[in-house]
Amino acid sequence: MNPTGVLGGGWEFVTAAYVLSLVVLGSYALSVVWRFRAEIRRAERQRRNPEVSK
Amino acid sequence: MAVSDRLNPGAGYALMVVGALLLAVGSYIGLFVAPSESYMGDVYRILYVHVPTAWNALLAFTFAFGSAVAFLIRGDFKWDARHEAGAEMGVVLAGLLCCQGSIWAKPTWGVWWDWDPRLTTTAVMFFAFVGILALRRFVEDPVKRATWSAVATIIAYVDVPIVYFSVRWWNSLHQMQSSPETVSAPFLIPLRTNAFGILFLMAGLITLRTRLARMRLAQEMAPPLPEVAS
Amino acid sequence: MKQLAAALYKEWLLQSRALAQLLAVLVFGATALLLFSFAVGPNYELLRAIAPGFLWLALLLSSTLTLAESFQAEMEHRALEGQILLPANPAALYYAKALANWAQLTLLGIALVPLMVALYDAQLPRPLALAGIIALGTAGLSAPGTLYAAMTHQARSRQTLLPLLLFPLVVPVLIAAVKATSLLMLGDPMSQIGSWALLLITFDAIHWSLCGLLFGRVVED
């Protein structure tokens, strides 16, 4: 720590925190949207072919 | 159980977009417009994303808890779907929170983890809810899955204040440190903007995730289709 | 109340027949204590300071065996469903099991103390108070543990699921019990042990009532 008592620099930590947050939230959002749309596709397929049980 | 068409996914997407925009604006202000802080220099800017994540993580877990209680009382599976969505969102935010807290701790206190009561409680909650999600994955009967995970969430949530106080008493014997929230941010605008940003993003994600869970439940609990004569 | 007595008698019968299992858990706990000491080596200062932590870790790990085993008999003979079909109060069932688990864990804890004294050169100025803390701590492990054992004994991957659910929950028990044990063994100049014991009592009170209430929902069909 800086002897004058003020923390100098540290931008690499700030960048790391923001990038991490972006990556985590972004990936989770993509995951939810992708799974949601996959489920809609599956439900559509099932509606069109009612004799298929899966 | 018919999947409700009132749960419009468009609303979910819209919430997410608004949330993302607010986050972008808030982060920009927090990173480039807000001035340096008197003692922390520029490292304090982490707070602009750390504190909003903390508020929303707790909110997500509280939503999961409320849904669990509602399910046990009402028996309506839409609450089980919301419970699942809230728990998953909470796990993501809590995990992120612990990483952010670690990134904050290194330049401020020189260690990657300092047993701060709030952060330690978050870590415990993270593991507790990961366990609950694992429980959901390993129980195949939807009724049992919904009931048991609801019971587990209630117990885990009730435990949170006890965990917090026990860690705080335990830690206070060793060190007194300023926690992230006692450092005052020169601007509160980026803090509030980001808080609403994550809130809207979370609301949108939970809406979509709930819809996903309901569709899966409908599939699981649908009566078997009649055989077609070949 | 009569149902509780009947359920307890059943537990007592099960325990007598499972004496071998009890001894196995004791050996497991003792082995754990021994292995932990290898992490530190023959550094007596450190061993004495860390003995309370190791004792409670050994108890925590052993509890997963005890708890998982407690529903094994029911599972093998599908007796749990039989009991639910009878007009028996599920809470009586829960408390009987939780009390039986508590008794077993307390005995285990007390049995491990002499080994701890030997391996870690621990002091025992207040043995009765230590027994009390062991009882309070194991009560905190037993209450939620019995509930989760009921949930997981039928699930796939039950060996991993029970500790995964239980361990985060009992963090306050671990913190308070280790702290209290440490104060009892190494000295308590500021008389803090009362507040740690109070924390344990609070945790126990909350969980023994809450888990008893919720047990009915876990075993209903």
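Every number in this text was worked out from the coordinates using simple rules, so none of it is lab data. Keep in mind that this is a model prediction, so the values were computed, not measured. Neighbour counts are summed over all protein chains in view; Cβ atoms, including those assigned to glycine, are modelled from backbone coordinates with ideal geometry.
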For this session: List every DSSP H helix in chain B whose Cα atoms extend 18 Å or more along the helix's own long axis and whose mean Kyte-Doolittle hydropathy is at least 1.0.
Result: B:9-28, B:47-74, B:117-138
Seminar exercise, completed: Expected integer from the mean partner chain Cβ neighbour count at 10 Å over B:66-77 is 0
Exercise. Kirkwood Rh, Cα Rg: Rg to Rh for region B:72-121?
Worked result: 1.26
Seminar exercise, completed: Over all viewing directions the Cα convex hull of the protein assembly as shown casts an average projected area in nm² of 28.9
Problem set entry | Efficiency of FRET from Cβ geometry, B:W115 and C:I201, R₀ 22 Å, rounded to 0.05 | 0.35
Seminar exercise, completed: Per the Kirkwood formula over distinct C-alpha pairs, the hydrodynamic radius of chain B in angstrom is 19.3
Exercise. Considering amide H positions built from the backbone, and no H for Pro or chain starts, which residues 5 or more places from C:S157, or on another chain, come under 5 Å of its amide H?
Worked result: none
Problem set entry | Burial ordering of B:T122, C:T64, C:T138, C:T202, fewest other beta-carbon atoms within 10 Å first | C:T202, C:T64, B:T122, C:T138
Problem set entry | Nearest-ten-degree value, helix C:19-40 long axis tilted from longest Cα axis of chain C | 30
Exercise. With labels modelled as points extended 7 Å from the Cα through the Cβ direction, what inter-label distance (nm, one decimal) is found for B:L21 paired with C:V117?
Worked result: 7.3
Exercise. Using only Cα atoms, what is the ratio of the radius of gyration of chain C to 2.2 N^0.38 Å?
Worked result: 1.04
Exercise. So if we plug the beta-carbon distance of A:L20 and C:Y9 into 1/(1 + (r/R0)^6) with R0 = 51 Å, what FRET efficiency do we get, rounded to 0.05?
Worked result: 0.35
Problem set entry | Inter-chain shielding of B:43-54 (mean C-beta neighbours from other protein chains, 10 Å cut-off) | 4
Seminar exercise, completed: At R0 = 60 Å the Cβ-Cβ FRET efficiency linking C:N43 and B:I73, nearest 0.05, sits at 0.60
Exercise. Looking at the square roots a ≥ b ≥ c of the eigenvalues of the Cα gyration tensor of region B:1-92, which shape do they give, rounded for a/c under 1.5, prolate if a/b is larger than b/c, or oblate?
Worked result: oblate
Problem set entry | Exercise: per-residue mean of other protein chain Cβ atoms within 10 Å, A:31-39 | 6
Exercise. So what are the ³J(HN,Hα) numbers for region C:41-56, from phi and the Karplus equation (6.51, -1.76, 1.60; θ = phi - 60°), rounded to whole Hz, Gly and Pro as x?
Worked result: x, x, 9, 5, 4, 5, 4, 5, 5, 9, 3, x, x, 5, 4, 6
Exercise. Around B:G41, which amide H atoms from residues at least 5 apart in sequence, or from another chain, sit under 5 Å from its own amide H, with H modelled in the peptide plane?
Worked result: A:L7
For this session: In whole angstrom, note down how far apart the Cα centers of region B:33-82 and region B:136-154 are.
Result: 23
Exercise. If you line up the long axis of helix C:158-169 against the longest principal axis of chain C, both from Cα atoms, how many degrees apart are they, to the nearest 10?
Worked result: 60
